[in-house]
Amino acid sequence: MVKVKLPDGKILEVSDGATILEAIEMIGPGLAKAALAAVIDGEMVDLSTKLTSDVDLKVITTRDEEGLELMRHSCAHVMAEAICSIWPEAKLVYGPCVRDGFYYDIDLDTPIRPEDFAKIESKMKEISKADTAFVRTQCNKADAIERVGGDKYKVDNINRANSDVLSFYAHGSNGFEDLCRGPHVPSTGKIGSFKIMSVAGAYWHGDSSEKMLQRVYGTAWANKKDLKAYITRLEEAKKRDHRVLGKQLNLFSFHDEGPGFAFLHPKGMIIWNSIINFWKEIHDKYEYAEIKTPIMLNEALWHKSGHWDNYKENMYFTTADDVNYAIKPMNCPGGCLVYNSTRHSYKEFPMRMAELGLVHRFEASGSLHGLVRVRQFTQDDAHIFCTPEQIESEVVDVINLIYDIYGAFGFEDFHVELSTKPEKHIGSDEIWDVATKSLQNALETKKMDFVINEGDGAFYGPKIDFHIEDCIGRSWQLGTIQLDFSMPQRFELSYTDKDNTEKTPVMLHRAILGSLERFMGILIEHYAGSMPPWLAPEHVRILPISEKSNDYAQKLRLTLKEAGLRSSVDNSDDKIGVKIARGHGDKLPYMLVVGPKESQDDMVNVRIRGVKENKTIKTSEFIAALKAKVDSRDLDVTLW
């Protein structure tokens, strides 16, 4: 008999050689029906796997994130079979999962068009309805190469595999088979509700000298309700696309003369400066000193910092006076030079140096995406120098600052990841262990939920990443806290300790908003362009009913300006209804309609975004209410 330990500590005894599914059926038929796969001793496997020794077992269903990913991977195989049955000449390349879905790269000379999606989906439904089992077989590399019959894509995948044992999965009455590591759901009937989303071009291995493949994207969810909700979220996201809103609201633009470099317009700069002014104010409160370092530093510095060996492919280079320079991709080496410009004592610690640093990083043209993926951006960086004993308290202090900053912009929901040592790194294993434990202790002190992200740390140290969630449920990675014992040693940073000996400080790299350009894009989408009053490029637009009220409108604009409020006057010849509609289209927080009566009594008729009822009040009353709203950075537009 084999002992199977469940997550609740219970022990099942099953026959030696029984399948995992048979073991789950002993727990209950409901769970067996919902089961997609299982994790035994930390490894996800098929339900058909036989149990031959004692194991710890966890059942995976669509309620688990791993279950959804597994289901999508299996759905990719079903889509591949459907495409091959419609276009028998199609050759499969590879088909991984991506966020919320999957894709398959296909070598097919016939273009797959959106009008073909229904045909593919119909065939997929037919395959799913047949509910045939996914059957795994294994062989060595030599046999696997023979099995794929000279298919160059499969041979390449086989040769790239890390294991000498390869697996294939077959399903369906036609014997469709594909090279795959697995695992898979038990049968094609378990692939959930699905939809083909799009098709795009993709080069094999991203090499533009290779043939252009067709990349077919799909999504799959546990049921029709979840699929419908996802499609609705996508439709809402399209409405909120910051690239469209940026053009519509005249906030920013991009030009062929500088691909990947954002041009901020006057209204965009108002949002930008509002973010920066708040950033400076709260950093002063948390006792950071602000610095500024050059964007171009000589090549030797980047060898010293480790970026040359670990980040060179993402950097830009130039030459001046026969000296090679790099345009900085990160601010940390410059911060080290500032630190090293004077001697330091432990009495100065913790030393918090913040920088709104302009950095440049190469991004492939195909990955550029409005403000959220650019080649030049401003990073809200900071470097904290401290003693080892101060690490935990400083990390806790940064977490408190993160809460304050995210809350000011309306982001209350976020999750946290602790990323550990990557394969490509600098520093000893002992240093990495100490650094990782310090970050973990800080998170536990704050009693924060977090997940371990194995192997995703920066090359110089482990990190904590903060992912915010916007109003339609999308996750964005923003803040990061990175602990670095290595760079201070590389730059020979030192301080005089209590015992009068020279020691090396610990260095914390820290960003909260990350790229300000990206954060601005996220804000625009989060609020669908309807910015909170304190961030709005235009607080108020004054709408005179006729030309007779233009003078009063201009006087009102100057009064608002003196109060520190941003306003404009729509003195066009359009009727008031057209002016109001234009104001709604510009997503203004407030409009003031003024006519002869308002002019005579020093009143304003206030229209508030999203509020049906308008109200006529004294000008001074409106200004006082709005100024209090803006100065307090209240996110709500209502005034009464």
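For ARG181, ARG566, ARG160, the sequence from fewest to most other C-beta atoms within 10 Å is ARG160, ARG181, ARG566. Between helix 576-585 and the chain there is an angle of about 40 degrees, using the helix long axis and the longest principal axis of the Cα atoms.
Give the shape of region 416-469 as rounded, prolate or oblate, defined through the alpha-carbon gyration tensor: a ≥ b ≥ c are the square roots of its eigenvalues, a/c under 1.5 means rounded, and otherwise the shape is prolate if a/b is larger than b/c and oblate if not. Here region 416-469 falls in the oblate category. Normalised by 2.2 N^0.38 Å, where N is the number of residues, the alpha-carbon radius of gyration of region 221-342 equals 1.55. May I ask for the Kirkwood hydrodynamic radius of region 373-515, worked out over all distinct Cα pairs and given in angstroms to one decimal? The Cα-based Kirkwood calculation yields 15.9 Å.
Decide, for region 287-401, between rounded, prolate and oblate: order the square roots of the alpha carbon gyration tensor eigenvalues as a ≥ b ≥ c, take rounded if a/c falls under 1.5, and otherwise choose prolate if a/b is larger than b/c, else oblate. Here region 287-401 falls in the oblate category. To test your reading of the geometry: what angle, between 0 and 90 degrees and rounded to tens, separates the Cα axis of helix 224-239 from the longest principal axis of the chain? Helix 224-239 sits roughly 40 degrees off the main axis of the chain.
Binning the C-alpha pair distances of region 99-140 at 10 Å intervals from 0 yields a P(r) profile of 18, 36, 36, 10, 0 %, listed from the shortest bin outward. Here is how the number arises for the chain: DSSP H runs of 4 or more residues each give -39500 (n - 2.57), the sum is divided by the residue count, and the result at 222 nm is -10500 deg cm²/dmol. Principal-axis analysis of the Cα atoms of the chain puts helix 391-408 at an angle of about 60° to the longest axis. Checking every one of the trypsin sites (Lys or Arg not before Pro) in region 67-152 against DSSP loop status and a limit of 14 other Cβ atoms within 10 Å picks out ARG99.
Put the Cα centre of region 202-281 next to the Cα centre of region 534-580 and the gap is 32 Å. Taking loop as defined by DSSP and a crowding limit of 10 other beta carbons within 10 Å, which trypsin sites (Lys or Arg not before Pro) in region 443-514 fit? Within region 443-514, the qualifying trypsin sites (Lys or Arg not before Pro) (loop, at most 10 other Cβ atoms within 10 Å) are LYS447, LYS498. Here the mean projected area of the convex hull built on the C-alpha positions of the chain is 37.5 nm².
Taking a ≥ b ≥ c as the square roots of the eigenvalues of the Cα gyration tensor, region 141-252 is oblate, since a/c reaches 1.5 or more and a/b is not larger than b/c.
Backbone phi angles across region 422-430, fed through the Karplus curve with coefficients 6.51, -1.76 and 1.60 (θ = phi - 60°), yield HN-Hα couplings of x, 4, 9, 8, 10, x, 6, 4, 5 Hz in residue order; Gly and Pro are listed as x. Pairs from the list LYS555/LYS627; LYS285/LYS587; LYS91/LYS225; LYS125/LYS224; LYS292/LYS463; LYS555/LYS615 with a Cα-Cα gap above 22 Å: LYS285/LYS587; LYS91/LYS225; LYS292/LYS463. Computed on the Cα trace of region 66-235, the radius of gyration divided by the Kirkwood hydrodynamic radius gives Rg/Rh = 0.95.
Calculated translational diffusion coefficient of region 279-334 (25 °C, 0.890 mPa s; Stokes-Einstein with Kirkwood radius over alpha-carbon pairs) equals 192 µm²/s.
Residue ranges 396-403, 534-541 sort as 534-541, 396-403 when ordered by packing (mean number of other C-beta atoms within 10 Å per residue, highest first). Taking N as the residue count of region 2-61, its C-alpha radius of gyration divided by 2.2 N^0.38 Å amounts to 0.95. Filter the GluC sites (Glu not before Pro) in region 391-463 down to the DSSP loop ones having no more than 12 other Cβ atoms within 10 Å, then list what survives. Taking region 391-463 and a limit of 12 other Cβ atoms within 10 Å, the loop GluC sites (Glu not before Pro) found are GLU412, GLU423, GLU454.
Throughout, read-outs are computed from the coordinates displayed, never taken from laboratory work. Here the structure is a predicted model, which is why all the values come from computation and not from measurement. Please note: Cβ atoms are built from the backbone with ideal geometry, for glycine as well, and neighbour counts cover all protein chains shown.
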